[in-house]
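Here the structure is laid out as structure tokens; the discussion comes afterwards.
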Amino acid sequence: MTETDRGGGPLAGIRVVELAGIGPGPFAAMLLADLGADVVRVDRPGGAGLAIDPAYDVTNRNKRSVLIDLKSEHGPSRVLDLVERADILIEGFRPGVAERLGVGPEQCRARNGQLVYGRMTGWGQEGPLAQRAGHDIAYIAITGTLGMIGKPDEPPAVPANLVGDYAGGSLYLVVGVLAALQHARATGEGQVVDAAIVDGAAHLASMIHGMLAAGGWQDRRGANLLDGGCPFYGSYQTSDGGYMAVGALEPQFYDAFITVLGIEDQASARKDFARWDELRTAITARFRTKTRAEWTALFEGSDACVAPVLSLTEAPAHPHLAARGTFTDHGGITQPAPAPRFSATPTAVRTPPAQPGADTEAVARDWNVPDLTKDAT
């Protein structure tokens, strides 16, 4: 597939160089690729990905891969040749590593002054912890985000690596590089985007910090409206061991909820904090009288804001998600479809996960970098 045949999307025509890494960097590059950008992932000999078969690493879908050893004699110059023709570069090394390899911001922007140089780290480019190793859980721990999640009498609940790596990291990096790209297109001036997971994870809690300042949020787990402290905003076990999620916050939704659940006698408990333990007990007891499927059927069609808690393998078959095509099958892998959706420039999963080095010749041709295939490794 040539560059001109790679399909649509609002970022068609944008060229991105991704220096291979793991976690939030590849996911951010996948988002750009899903949106139509021509993302070339620079893989290194021996690999840098997760301990899974690269054919199943869907964060590398819609991309192309070239194999370059940045520690080899000609490796950095090959990357700089790509950079000269790129709009965006994404890297996720510790601070200073890209510079030592010869592909840092100054070296890249000397070849391309309009380049947007996206840096993805946990701690950021500066600060006492900048050179420290870390993972998602540590980043969200110091921001106060992890401490908000879970029951008050149990350790904080770990939200996989979704809140830090992907929400606080990847999404903020993508917003940042696209904003910087707009600036570069308008002024001809590129810049460095420092996307630190600690910054993004802290920023995600902006509303809650406002509520805390206003006295509407207690600085402890399981004591607030949205953290499980409220009995009509949480999850409850059913008779078959499944769970139902309840979000009946507003009065009209709460009324629909208690009606379907059959606890109309608890109508006045919504605003009576002294009765919340009683209300939670009543809700718990009722949900345990039927299976998840039975409760799902009963709440279907209501505005009670109740939904079954599905597993990863169950989710694609949910009627609403199936109707919308929220998940797609490509290359034998069931995976989330690109999001969001565009009316004029639709997106799609166009190609399977890029295999390391498989596209070197095609990229060399399409990007007009003939030396890319010489001494690349």
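The values are calculated or read from the model by the stated rules, or taken from the named source; none is laboratory data. A quick note: this is a predicted structure, and the numbers were derived from the prediction, not measured. Positions of Cβ are generated from backbone atoms using ideal geometry, with glycine treated the same way; all protein chains shown enter the neighbour counts.
Things to note:
- Test: residue in the range 121-137 that is out of contact with any Ser or Thr (no Cβ under 6 Å at 6 or more places or on another chain), assigned to a helix (DSSP H, G or I) and of a type in the set (Gly, Ala, Ser): no
- When we screen Val363, Val349, Val369 for residues that are farther than 21 Å from Asp57 by Cα and either aliphatic (A, V, I, L, M) or out of contact with any helix residue (DSSP H, G or I) (no Cβ under 9 Å at 6 or more places or on another chain) (or both), the only hit is Val369.
- Residues that are charged (D, E, K, R) and in contact with a Cys (Cβ under 9 Å, 6 or more places away or on another chain), drawn from the range 235-272: Glu250
- Any chance Thr360 is closer than 30 Å to Arg64 by Cβ, among the β-branched types (Val, Ile, Thr), over 29 Å from the mean Cα position of the chain (by Cα) and surrounded by 15 or more Cβ atoms within 10 Å (Cβ to Cβ): no
- Cβ pairs under 7 Å, 6+ apart, first in the range 281-310 and free of Cβ contacts under 8 Å to residues at least 24 places away in the same chain, second crowded, with 17+ Cβ neighbours inside 10 Å and not in a loop (DSSP other than H, G, I, E, B): Ala282/Gln266
- Residue ID - surrounded by the most Cβ atoms within 10 Å (Cβ to Cβ), chosen from residues in the range 157-181 that are in contact with a strand residue (DSSP E or B) (Cβ under 7 Å, 6 or more places away or on another chain) and more than 14 Å from Gly200 (Cβ to Cβ): Leu181
- Looking across the range 331-353, the residues that are among the small types (Gly, Ala, Ser) and over 17 Å from Leu11 (Cβ atoms) come down to Gly331, Gly332.
- From Glu18, Glu3, residue being at pLDDT below 95 and at negative phi: Glu3
- Within the range 327-348, the set of residues being in a loop (DSSP other than H, G, I, E, B), more than 17 Å from the chain's Cα centre (by Cα) and crowded, with 17+ Cβ neighbours inside 10 Å comprises Thr347 only.
- Considering the range 130-156, and only residues there that are among the polar types (S, T, N, Q) and either crowded, with 17+ Cβ neighbours inside 10 Å or touching a helix residue (DSSP H, G or I) at 6+ places or on another chain (Cβ under 8 Å) (or both), the residue that is nearest to Val198 (Cα to Cα) turns out to be Thr143.
- Counted residues, the range 217-245 - those being assigned to a loop (DSSP other than H, G, I, E, B), touching a helix residue (DSSP H, G or I) at 6+ places or on another chain (Cβ under 7 Å) and not basic (Lys, Arg): 8
- The range 167-182 - residue that is among the hydrophobic types (A, V, I, L, M, F, W, C) and under 15 Å from Pro26 (Cβ atoms) and, of those, farthest from the chain's Cα centre (by Cα): Val177
- Residue check, Arg350 in the same structural domain as Pro26 (by TED's automatic domain parsing), on the phi < 0 side of the Ramachandran plot and without any contact (Cβ under 8 Å) to a residue 24 or more places away in the chain: no
- Output for the range 184-216, where each listed residue is in a helix (DSSP H, G or I) and loosely packed, with under 15 Cβ neighbours inside 10 Å: Arg185, Ala186, Thr187, His203, Ser206, Met207, His209, Gly210, Ala213
- Of the residues screened, Gly127 is one that is more than 23 Å from the chain's Cα centre (by Cα), surrounded by fewer than 14 Cβ atoms within 10 Å (Cβ to Cβ) and farther than 28 Å from Gly36 by Cβ.
- Check on Ala323, in the same structural domain as Gly8 (by TED's automatic domain parsing), out of contact with any Pro (no Cβ under 9 Å at 6 or more places or on another chain), among the small types (Gly, Ala, Ser) and modelled with pLDDT of 95 or more: no
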